[in-house]
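The values are calculated or read from the model by the stated rules, or taken from the named source; none is laboratory data. Given the structure is predicted, the values throughout are model-derived calculations rather than measurements. Note that we place each Cβ from the backbone using ideal geometry, even for glycine, and neighbour counts take in every protein chain shown.
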């Protein structure tokens, strides 16, 4: 239960940390830390307006996205605390819950018939397809290292602390931070701040949603980002503590993910769209490399 | 009679001295000039109802970049004439906005016109049946192509305009731009009021980001009718124009960074732009220089205290902008977005008659301050334009950077001169002479601005014509994005930063 609550808290803080980092790095005071919560409260207090060309599918999407993100968050452990829901193979369930949320959003976007949303959906589908192998190599690597396929048991079993494992874990955390950038629709893959429909990826699919629906989608994407950040933090934290990381380390590392995202967004421009595919494939290739590395190591190392 | 040849100086040209040819000769003579390509471009081509009310007279102003001369001629379309006349656009695409405007305003058809579509959806257009719903967009019947319509209402705070893309997946095959939503009838308002102050303030609103340049153009037209000039006043106007150029180039550098998601460059440039326009505000009370430029004089002479303050600010801005630019143009992620994006070749720029910084970014040395020097540029400041060859977004961004620094240097040089003690007060009372034409070419931050006024027998204004450089350069945007990714359109658009209302008038 604690880990689930932690993911929800992280979801609330992470956006604030990213915004604050960006503001400070650009020499501004920035909005208050929880401004995004006020914005969402405003959205949630509004009704919804639907385009007459959309159907039931379009209306169901926000609920599906939020439900998928929350369910995925249930599977994420936090440091010493096990996930609320854990079973062998929950890593696969986690990946496909994220994919479900993405698929729902794509279908909803296509349902509007808008040319912008069609383009956004096609981009999102491409990036989703390219990042998925990366995610699975990442999970595969964890499974190979520990012999488990559940986050809770994986993080419990990690932390052998051998130098080789530290290298691999750092690599894995690096990969997962990049996955956060891709999945969260942040710079350099996507620009959450842009008002230019033609360049949007994630935002454009939300263009036809307003009020409470937009609020649900926003909260869903926070939870998704927070879940991934917690997994990344858990991976790297497990190296530090013997037999499981301390809760404090995980907290600090999740905050660090926010700072990293904010810093990346401040100091570099977005990719040209046709280079995003290369960027994402690189992330997946790194994950494959990590997987092979662990496989080779496992031939020599004492891994059960 | 041959071409009437004059220079870009303030003087009233008697209309009877301008040759009035039959259309056939007009066509041949104009063709002979325009066929040289780079040397001549059409600065203005417009119709005026004849003073006797019988027929229309069409004046053309050709700018000769080699000699700094301006060539004037006209042709008459009689009261009973009905036939179509051969289109110049068919041979010289650069003529398209002018001929389309003439068709729209007077209903005269040009045979063989390849792009015979309305230029603006003005209320006083000849064909009232046309609306956006039945606008004859180019269509794509190929099933592998799809159309994307953007506008006329956009996200953000930009002006209205329709961009119709024909795309193959993410790649743009063709972009068609439809404007006119900002039409306010500025030319008619300018023509109908005899109130010089109102005309000046109207000129300031032609394009809000070029308030100084357009107001100065109007004032020079008014002063041209009187053959009046004042060197010290010209120097102060040049300071104002260069401050405007600095501010807009910095704003656009920042906006380019914003469109590529590069926050650091964006905030640095936005701050500097604010400093620049605030300096203008310290001078005249308005950040955009409204109220500063008035005919025959000024209410805000540059006192020694103001000169010192402005020189201090500009020095500081220049230093900081140079630092910001060095950071922006050495960031690999920014260069990856700017370089080789939205390229327009030199040949294309010549064909479409591009002017100003868009032309200079593609190796075309077209700068009124250099080719047709006027005011302070003819006397005190020797201007040497920055010309880059690549014609891509990078070239346009770099051109802005270097021109802004150059402008800062010009401002500092002008401010360093001995201040003039007695500058005249503005004079709104002078009458314009009869049967005369006064024109002026100036270089706004976008490029060549041309204003011209034609008066009737009693000095009444028959036509007041305004040309913002955007009129030519919008087509460059269409060419720039051809074959590019549709997601690169915003950054290409911003690299030109053309005016909607300057085009729509």
Restricting the range A:184-211 to residues that are more than 9 Å from every other protein chain (Cβ to nearest Cβ) and either part of a helix (DSSP H, G or I) or in contact with a strand residue (DSSP E or B) (Cβ under 8 Å, 6 or more places away or on another chain) (or both), the one surrounded by the most Cβ atoms within 10 Å (Cβ to Cβ) turns out to be A:205
### Task
Please verify whether the range B:323-335 includes one or more residues that are part of a loop (DSSP other than H, G, I, E, B) and crowded, with 19+ Cβ neighbours inside 10 Å.
yes
ask   = Is it fair to say residue B:155 is within 14 Å of chain A (Cβ to nearest Cβ) and surrounded by 16 or more Cβ atoms within 10 Å (Cβ to Cβ)?
value = no
Listed by range, helices (runs of 4 or more DSSP H) wholly within the range B:206-294 having at least 2 residues that are within 14 Å of chain A (Cβ to nearest Cβ) and surrounded by fewer than 21 Cβ atoms within 10 Å (Cβ to Cβ) are B:263-284
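So that you can scan it fast, the table gives a plain yes or no per residue for (1) assigned to a helix (DSSP H, G or I); (2) closer than 25 Å to residue A:220 by Cα; (3) modelled with pLDDT of 95 or more:
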residue	(1), (2), (3)
A:91	yes, yes, no
A:110	yes, yes, no
A:133	yes, yes, no
A:152	yes, yes, no
A:156	yes, no, no
A:161	no, no, no
A:169	yes, no, no
A:178	yes, yes, no
Taking the range B:160-181 and keeping residues under 15 Å from residue B:501 (Cα atoms) and either touching a strand residue (DSSP E or B) at 6+ places or on another chain (Cβ under 7 Å) or buried (at least 19 other Cβ atoms within 10 Å of the Cβ) (or both) leaves B:161, B:162, B:177, B:178, B:179, B:180
Across the range B:336-366, the tally of residues that are under 30 Å from residue B:34 (Cβ atoms) and in a loop (DSSP other than H, G, I, E, B) stands at 14
Within the range B:131-148, the residues that are surrounded by 15 or more Cβ atoms within 10 Å (Cβ to Cβ) and within 20 Å of residue A:123 (Cα to Cα) are B:145, B:146, B:147, B:148
* Output yes when any residue across the range B:98-117 is part of a strand (DSSP E or B), without any contact (Cβ under 8 Å) to a residue 60 or more places away in the chain and touching a helix residue (DSSP H, G or I) at 6+ places or on another chain (Cβ under 9 Å), and no when none is. => yes
Per the filter on the range B:357-377, residues free of Cβ contacts under 8 Å to residues at least 40 places away in the same chain and over 18 Å from the mean Cα position of the chain (by Cα) are B:363
Just one listed residue, out of A:24, A:57, A:44, is within 14 Å of chain B (Cβ to nearest Cβ), surrounded by fewer than 17 Cβ atoms within 10 Å (Cβ to Cβ), farther than 17 Å from residue A:225 by Cα and at pLDDT 90 or above, and it is A:24
- Output yes when any residue across the range B:182-189 is over 18 Å from the mean Cα position of the chain (by Cα), assigned to a helix (DSSP H, G or I) and closer than 24 Å to residue B:442 by Cβ, and no when none is. yes
For the range B:425-437, does any single residue satisfy the condition of being in contact with a strand residue (DSSP E or B) (Cβ under 7 Å, 6 or more places away or on another chain), at pLDDT 90 or above and surrounded by 24 or more Cβ atoms within 10 Å (Cβ to Cβ)?
yes
Exactly one of A:218, A:230 is more than 14 Å from chain B (Cβ to nearest Cβ), under 27 Å from residue A:63 (Cα atoms), touching a residue at least 24 places away in the same chain (Cβ under 8 Å) and touching a strand residue (DSSP E or B) at 6+ places or on another chain (Cβ under 7 Å), and that residue is A:230
Counting only residues that are surrounded by fewer than 21 Cβ atoms within 10 Å (Cβ to Cβ), part of a loop (DSSP other than H, G, I, E, B) and at negative phi, the range B:295-321 contains a total of 4
Every listed condition ((1) outside any loop (DSSP other than H, G, I, E, B); (2) free of Cβ contacts under 8 Å to residues at least 24 places away in the same chain) holds for residue A:61 save (2)
Condition (residue is at pLDDT 90 or above, within 14 Å of another protein chain (Cβ to nearest Cβ), assigned to a helix (DSSP H, G or I) and under 18 Å from the mean Cα position of the chain (by Cα)) applied to the range A:238-261: is it met by at least one residue?
yes
Among the residues of the range B:128-144, the number that are in a helix (DSSP H, G or I) and touching a residue at least 24 places away in the same chain (Cβ under 8 Å) is 1
